[in-house]
Amino acid sequence: MEEQNLVLKNIKSFNLTHIFECGQCFRWNRNQDGSYTGVVKNNVINIRMIDGNIYITSFGENDIKKLFQNYFDMNRNYESIKAQLGEVDENMKKSILYGEGIRLLNQDLWETIISFIISANNNIPRIKGIIERICKRYGNKMEYNGQTYYSFPTPEQLGSASVEDLRNLGLGFRDVRVYETTKMILNRGIDLEKLHQEPNTEVVREELLKLPGVGPKVADCILLFSTLKRFDVFPIDVWVRRVMNELYIHSEYEEKVSKKEINRIANEKFGNLCGIAQQYLFYWKRG
DNA sequence: CCACAGGACGGCT
DNA sequence: AGCCGTCCTGTG
């Protein structure tokens, strides 16, 4: 464990608030000074922006330069994505302007699966609280700058939790789902490494849907926000449904419009970039 | 007291 | 295949 520093200049499409508050992650917290602190693998990371420059301090086992490059999706050209999506219509133009600094994080697949199972019928403050308690109970302890942080537990670590243990951490009815999914992954009922190799998104989606607690919406979030990084999915929740109806469907009965129909329109308009389009629209309309 | 929060699941038609 | 009640828990 060592402290490392990294400074990056002239980075386009990078805004901490846009990245951390667009609903893709649960373990980053804003500090008084505007910087954000989070835990990635066995690393505590603090990141801030001053005059358009990025300043990072990390404490942990990974090389921060490599970790940053990968985790923040720096190998992808968001400028060209935005240019392409901006051609679609004025709505996309406005939403891109609003969330111009969004980047989709490459979060650990296992962590993303468990986190979004917990997100079902839940609100963000409570989701963050539950995940924090899980990390504190089953993750690795890290002392840094007089504060204590915890990594997200491995499948083996979380595998020691009983259903009752999970219920006591406040998971509610999601306890059995997290428990069963953890067992299934530990027993290689699903091979997470293999999923990365599969080129067909729909095939990967079907695999994820086998996990207890993973339905259509959660599966799409996992595909978009984890290292699987598939942009050709369109997670539909109440907010996205609202936006899509308001902008493109104009139905008097918004809740009656089927997900299939919403998905069809999204694909028609945004093609294989519908995943990132969803993020701009979502962040824009949700404010 | 009730409604609701960034769904999944099971039973039903 | 589509519809609908129910599922824990904290907050307003």
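Observations
- Semi-axis lengths, Å, chain A, gyration tensor of Cα atoms, sqrt of 5 times eigenvalues: 29, 26, 17
- Structure remark: mean-square fluctuation, Gaussian network model of chain A, C-alpha springs under 10 Å; the largest value among A:VAL178, A:VAL233, A:VAL257 belongs to A:VAL257.
- Spin-label model distance (nm) - A:THR148 vs A:LYS136, 7 Å beyond Cα toward Cβ: 0.9 nm
- Rg/Rh ratio calculated on Cα atoms of region A:109-225 (Kirkwood radius): 0.98
- The stretch between A:ASN122 and A:VAL203 holds 26.4 nm of extra length on full extension. This uses 0.36 nm per residue minus the Cα-Cα distance.
- Sites listed here are GluC sites (Glu not before Pro) in region A:201-287 whose DSSP assignment is loop and whose Cβ has at most 16 other Cβ atoms within 10 Å: A:GLU252.
- What the Cα convex hull of region A:2-75 gives, in volume per residue, is 91 Å³.
- Only Cα pairs under 8 Å and 6+ residues apart enter the sum, and on that basis the relative contact order of region A:109-225 stands at 27 percent.
- Rounded, prolate or oblate (a/c below 1.5 giving rounded, otherwise prolate when a/b exceeds b/c) for region A:173-255 by Cα gyration tensor: oblate
- Net charge of the neighbourhood of A:ASN5, taken over other residues with C-beta under 12 Å away and scored Lys/Arg +1, Asp/Glu -1, is 0.
- Other residues whose C-beta falls under 15 angstrom from the C-beta of A:ASN75 contribute a net charge of +4, scoring Lys and Arg +1 and Asp and Glu -1.
- The trypsin sites (Lys or Arg not before Pro) found in region A:144-228 that occupy coil by DSSP, while having at most 16 further C-beta atoms within 10 Å, are A:ARG188, A:LYS210.
- Environment charge at A:PHE173 (Cβ cut-off 14 Å; Lys +1, Arg +1, Asp -1, Glu -1): +1
None of the figures in this text is laboratory data; all of them are computed from the coordinates on show. Just so it is clear, the structure is predicted and the values come from calculations on it, not from any experiment. FYI the Cβ positions are ideal-geometry reconstructions off the backbone, even for glycines, and counts take in every protein chain you see.
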